[in-house]
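Read the structure below first, then the notes.
The values are calculated or read from the model by the stated rules, or taken from the named source; none is laboratory data. Everything numeric in this text was worked out from a predicted model, so none of it was measured. Neighbour counts are summed over all protein chains in view; Cβ atoms, including those assigned to glycine, are modelled from backbone coordinates with ideal geometry. Surface accessibility is based on the protein's heavy atoms, side chains included, excluding ligands, DNA and RNA. Shrake-Rupley method; radii C 1.70, N 1.55, O 1.52, S 1.80 Å.
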Amino acid sequence: MPSTAVADALMETFVIEGSQPLNGRITASGNKNGALPILAGCLLTDEPVTLRNVPRIRDVETMVELLVQLGADADWTGANEVRVQAADLATTDVDAELASRIRASFLLAGPLLARVGRASVPPPGGDVIGRRRLDPHIHALAELGASIDINGGYEMQTEGLRGRRIFLDEASVMATENAVMAASLAQGETVIGNAACEPHVQDLCRFLRSLGAEIDGIGSNVLTVRGVQRLRGGEWRIACEHVEVASFIGLAAVTAGDVTIDDVVPEDLAPILPSFERLGVQVELDGTTLRVPPGQELVVKDDLGGQIPKIEDGPWPAFPADLTSIALAVATQAQGTVLIFEKMFENRLFFVDKLVAMGARITLCDPHRAIVSGPGRLHGERVESPDIRAGMAMLIAACAADGTSEIGNIRQIDRGYEQIDERLRGLGAQIERVSSEVPA
C-alpha cells in the first residue's frame, strides 16, 4: 500500500476478477479499534511504550501523526511495531485536519485531561454511518471534574480529576475508553456503569494495567478504576482483529475456498460464529487456528416453525455492528431468506443498492432492516466504497461475482484492512490495485 501522503494524491481502485476460490493460510492483523485507544493511552505516561502487532493502516497512521503533532516521539520501529514516548507535550490543541480523518481522534481528550489538565479537541471524523453521539464522552469527563465549553470544538480543562460513579446512557465503546483512561490518573475510585466490554475495550484495560493502572471488572459492563499518581512505560502486543477474522470467513465461504486463519482469539468469536452458522457457514476451530473448509453449501437455517431468521447487532456480547455489512454480503450467496437488522447505525445499510446492482436480491425495508433472499447470481460492476465495512462487503461480493468488478474509493477499505489486496493475492484472489492521478 502506498504511503498516506502518496496515496492522498492518487485515486485508487481495486480491480477484481471474481469466481476464484480462495485457498491457503493467513494471519489475523492486530485490532484497529484496539490499537487506536492504546496509542492514545500512551500519553498517560512520560516513559517509553513499545507496541507490537500494530496494524499499519490509514487510521493508525493518522493517530501516530496526531501523537507527534502533540509533541510525543512516536515512530514505526518495525513493520508492525510503534514506539511512543510522551515525555513532554508541546501542545494540548489537537490538529483539526488530522482529527477530521478519524473518529478515534476524540480518544485524546481523556489522556490529555488526565496528564496535563487541558484538551482542545475538534469534532472527529470517521465513517458516515449515522449519528454517532459524543454525549456519553462529555458526560463522563464532566462527571470526573472537567469543565467543557462546546463552541465548534470542545475546550476542556480541569484543576484535577476526581473519581466518581458514572452511568453511561449508552454502552459507547469510545466513551468507555475515554472514561477509563481519564480515571486511571484521577484521584480516588471511579465506577463506570453500562460500560462497553468489546474485546478492544478489554485490551485497552489490560494494557493500562500493564503500565500500573488499577482496573477491575474487565470484560463486564461495570468497571472499577482506582486512580494512581503515575503510570510507567512498558511493552504490549495488540490483540488480533476479530472483525477481520470474520471478514476472511466470509470471503472463504462465498468463494467455496479452503482458508486457514492463524492467531485468532476463540472467545472473541463466540457471538460471531452462530450468526455465520445461521447462513450455513461451518468452521473448524482448533485453539488459535480457524479453518473454513471447502465445498460448503450455504443454506440459511430457518428458525423453529420455518420462520425467517434474523441476524441483529448490539453492544458486546451481541453480534458486532461492524459485521452486519459482512453478514449481509455472505447472505446474498446463501439459499434462503434472512433479515439483517442493523440496530445501532441508521446509515449502515445504505450501501445495499450497490450489491443489488451486482445482482443481489435485497429488499431494504427501512434504514435499519434489509431482507436478503439468496442465492443471487452476482456479476461484476463498478461500485464505490462509502465506509470501511461496506467496502469489505463489496469486496466479498466481487470475489463471488462472475466477471470483473471495480471498487472505487478504496482508501476507505485501507483505513481498516492492512494490505488487503496483497494478502488476498496470497490466497489466490485475482485482485489488483490500480492508481491514477486525482483530477485537479
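Here is the figure for the stretch 405-426: residues that are under 15 Å from ASP59 (Cα atoms) and in a helix (DSSP H, G or I) total 5.
Restricting attention to the stretch 75-111, the residues being outside any loop (DSSP other than H, G, I, E, B) and surrounded by 21 or more Cβ atoms within 10 Å (Cβ to Cβ) number 11.
For the stretch 133-165, the tally of residues that are open to solvent by less than 60 Å² (accessible area, probe 1.4 Å), of a type in the set (Val, Ile, Thr) and over 23 Å from ALA321 (Cβ atoms) stands at 2.
The set of residues in the stretch 344-389 that are part of a helix (DSSP H, G or I) and either touching a Pro at 6+ places or on another chain (Cβ under 8 Å) or buried (at least 20 other Cβ atoms within 10 Å of the Cβ) (or both) comprises VAL352, LYS354, LEU355, ILE388, ARG389.
Tell me the residue from VAL330, VAL338 that is part of a strand (DSSP E or B) and in contact (Cβ under 8 Å) with a residue 12 or more places away in the chain, please.
Working: VAL330 fails: part of a strand (DSSP E or B).
None of the others qualify; the one that does is VAL338.
Within the stretch 123-142, can one find any residue that is assigned to a loop (DSSP other than H, G, I, E, B), of a type outside the set (S, T, N, Q), modelled with pLDDT of 95 or more and under 26 Å from ARG226 (Cα atoms)?
Initially, the stretch 123-142 is screened for residues assigned to a loop (DSSP other than H, G, I, E, B), giving 123-134.
Restricting the remaining residues to those that are of a type outside the set (S, T, N, Q) gives 123-134.
Still in the list and also modelled with pLDDT of 95 or more: none.
No, there is no match, as no residue in the stretch 123-142 is assigned to a loop (DSSP other than H, G, I, E, B), of a type outside the set (S, T, N, Q), modelled with pLDDT of 95 or more and under 26 Å from ARG226 (Cα atoms).
In the stretch 341-359, the residues that are at positive phi reach residues that are surrounded by fewer than 23 Cβ atoms within 10 Å (Cβ to Cβ) and part of a strand (DSSP E or B) with C-beta atoms within less than 8 angstrom, at least six apart or across chains, in these pairs: GLY359/HIS379. Out of all the residues in the stretch 316-339, which are farther than 20 Å from ALA270 by Cβ and either modelled with pLDDT under 95 or open to solvent by less than 10 Å² (accessible area, probe 1.4 Å) (or both)? The answer is SER325, LEU328, ALA329, ALA331, THR332, ALA334, VAL338.
Please verify whether ILE311 is open to solvent by less than 50 Å² (accessible area, probe 1.4 Å), modelled with pLDDT of 95 or more and farther than 20 Å from ALA429 by Cα, treating the condition exactly as stated.
Details: open to solvent by less than 50 Å² (accessible area, probe 1.4 Å): yes; modelled with pLDDT of 95 or more: yes; farther than 20 Å from ALA429 by Cα: yes.
Taking the combined requirement at face value, the residue satisfies it.
Selection of the stretch 285-299 for residues being surrounded by fewer than 20 Cβ atoms within 10 Å (Cβ to Cβ) and either in contact with a Leu (Cβ under 7 Å, 6 or more places away or on another chain) or touching a residue at least 60 places away in the same chain (Cβ under 8 Å) (or both) yields only PRO294. Within the stretch 342-368, the set of residues being under 12 Å from ALA321 (Cβ atoms) and among the acidic types (Asp, Glu) comprises GLU342, GLU346.
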